[in-house]
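Read the structure below first, then the notes.
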Amino acid sequence: MGEGSKKVIFLSHCFINQNAKVLEFARYPGVVAPFLDFMKRRGYVVEQLPCPETLHMGIKRWWNTKELYDTPGFRKHCRRLAKHVVDLMEHYQRKGYDVVLIGLDGSPSCGVNITGRNPNWGGRPYASIEDYHIVEEMGVWMEELKAEIERRGVKLANMTGVPMDDPKFNMDESLRNIEKLVEG
């Protein structure tokens, strides 16, 4: 039996478990099948990142923005998770794998290129989706994970996000963008 693919994708948790999403933000029942099928057809090994939000606040939680997660306690939680993830990335890299990281753009935690903000959110959860402002910056979890990757000198082949938390999300367009990224 052969060694298999030498490509590994570290993928935000909710691509494989949409039940980890806050209510009304899940777009697929269970898994994001189009995305996982896409990775499978290209021979990628898929490693599921932990979901820091679910581990920190559970499944039944209110919508949050980056401001609400940008706390010393949540950052410490993310740094602790990052150490384990980067251990695995280092292992793959030593074995000759190309390591790719794909986050969930628009997420206050997992956004790579964009995240959600609203400095007025807080207190009782009377928010609406229209109040979730997408801005160009990383989410808290991705900031901490990237810092650990850089601290340890892991070389990523690529790092990006799929904008599923952006109200204008389009799966076909996202798959084309990911294909350009991962296939070079």
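Since every read-out is calculated from the coordinates, none of them should be taken as a lab result. If you're wondering where the values come from, they're calculated on a predicted model, not measured in any experiment. A quick note on method: Cβ atoms are made from the backbone with ideal geometry, for glycine too, and the neighbour counts reach across all protein chains shown.
A few notes on this one:
- Cα convex hull, segment 29-184: 123 Å³ per residue, rounded to a whole number.
- Of the GluC sites (Glu not before Pro) in segment 19-55, those whose Cβ has at most 11 other Cβ within 10 Å and which sit in DSSP loop: Glu24
- Part-to-part distance (alpha-carbon centres) for segment 24-85 and segment 152-184, which is given in Å: 15 Å
- Highest-MSF residue in the chain out of Arg61, Arg80, Arg41 [GNM, Cα springs under 10 Å]: Arg41
- Cα-projected label distance for His133 with Glu150, points at 7 Å along beta-carbon direction, nm: 2.5 nm
- Proximal lysines to Lys83, defined as alpha-carbon separation beneath 24 angstrom and excluding residues fewer than eight positions away on the same chain: Lys6, Lys7, Lys21, Lys66, Lys95, Lys146, Lys155
- Between 0 and 90 degrees, the angle of helix 171-183 with respect to the longest Cα principal axis of the chain falls at about 40 degrees.
- Fewest-first sequence of Lys76, Lys7 by Cβ atoms within 10 Å of each Cβ: Lys76, Lys7
- At most 13 other Cβ within 10 Å, DSSP loop - chymotrypsin sites (Phe, Trp or Tyr not before Pro), segment 44-123: Trp62
- Considering only segment 1-152, percent of DSSP beta bridges that pair antiparallel, nearest 5: 25 percent
- Here the Karplus curve 6.51 cos²θ - 1.76 cosθ + 1.60, taken at θ = phi - 60°, turns the phi angles of segment 86-103 into couplings of 5, 4, 5, 4, 4, 4, 4, 4, 4, 8, x, 7, 7, 9, 10, 10, 10, x Hz, with x standing for Gly and Pro.
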